[in-house]
Amino acid sequence: MTVERRTQFGKGAARKIRRAGKIPAVMYGHGTDPVHIALPGHDAMLALKNANAVLTLVIDGTEQLALAKDVQRDPIKPVIEHVDLVVIRKGEKVSVEVGIHVEGEAAAETLVSVESPTVEVLAEATHIPESIVVSVEGLEAGSQIKAGDLTLPAGIELVADPETLVVNVTQQVSAEALEAELGEGGEESEAGAEGDASEAPAAEAAAE
């Protein structure tokens with residue numbers, strides 16, 4: 001991906017770059033000064049669809065590998081507003097957040113909750129996994145999968161606290177139980193209201 005150096009900065013300059021179909025970005029790391037660049041909009045949008053995308057950038061005729069560390073997107077329009085890139089080298093390891101992908105079906109009448117949608121791992125810069133697969137096949141209510149229980153791809157090391165709860169399997173609340181609970185709450189409210197109403201005349205009499 002061929003990119004251009006930026007010489008103008010600020011919100012006005014960034015808007016001008018985006019109007020030209022490009023994306024403002026900054027690249028830093030390995031003790032180098034930050035390099036402000038403009039990415040080709042269409043190619044960058046495609047490349048940045050996945051998290052932790054590694055880009056091969058051509059700057060002034062020289063190739064440089066960079067990891068997309070932070071992608072700022074417009075909250076409404078499908079537009080990337082700015083990208084932070086980290087300089088990387090082949091063979092080095094980087095700390096990244098990788099998404100959790102749940103597979104399988106837990107036991108009947110259970111609810112599977114993903115408590116940590118990502119976990120921090122150490123991976124080779126050019127071999128970052130797209131996701132970490134977690135199987136919940138047949139798990140009963142009360143089962144928990146922590147970061148330390150994850151099966152990581154070869155060459156990947158866990159950085160997150162091993163005790164971090166990733167997936168929690170709980171008992172599903174039936175519709176009947178939910179109705180009964182709501183019914184009890186309603187009865188208590190009505191009883192409280194009746195008590196307040198019966199106490200009102202006595203309070204008025206005491207005031208007289």
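With respect to the conditions (1) under 27 Å from the mean Cα position of the chain (by Cα); (2) touching a residue at least 24 places away in the same chain (Cβ under 8 Å), T32 falls short on a single one, namely (1).
Selection of region 1-29 for residues being open to solvent by 80 Å² or more (accessible area, probe 1.4 Å) and either part of a loop (DSSP other than H, G, I, E, B) or small (G, A, S) (or both) yields T7, Q8, F9. I'd like the full set of residues that are outside any strand (DSSP E or B) and open to solvent by less than 40 Å² (accessible area, probe 1.4 Å), limited to region 64-90. Residues satisfying the conditions are D74, I88. In region 166-175 there is at least one residue that is open to solvent by less than 40 Å² (accessible area, probe 1.4 Å), in contact with a Lys or Arg (Cβ under 8 Å, 6 or more places away or on another chain) and farther than 30 Å from A13 by Cβ.
Restricting the search to region 48-63, which residues are assigned to a loop (DSSP other than H, G, I, E, B) and open to solvent by 20 Å² or more (accessible area, probe 1.4 Å)? Correct list: K49, N50, A51, N52, D60, G61. Taken residue by residue, region 135-154 has no member that is open to solvent by 60 Å² or more (accessible area, probe 1.4 Å), under 18 Å from the mean Cα position of the chain (by Cα) and modelled with pLDDT under 95. Scanning region 60-77 for residues that are at pLDDT 90 or above and aliphatic (A, V, I, L, M), we see that the one that is farthest from the chain's Cα centre (by Cα) is L65.
The values are calculated or read from the model by the stated rules, or taken from the named source; none is laboratory data. In this text the structure is predicted, and so the values were computed from the model without any measurement. Note that we place each Cβ from the backbone using ideal geometry, even for glycine, and neighbour counts take in every protein chain shown. For accessibility, only protein heavy atoms count, side chains too; no ligands or nucleic acids. Shrake-Rupley method; radii C 1.70, N 1.55, O 1.52, S 1.80 Å.
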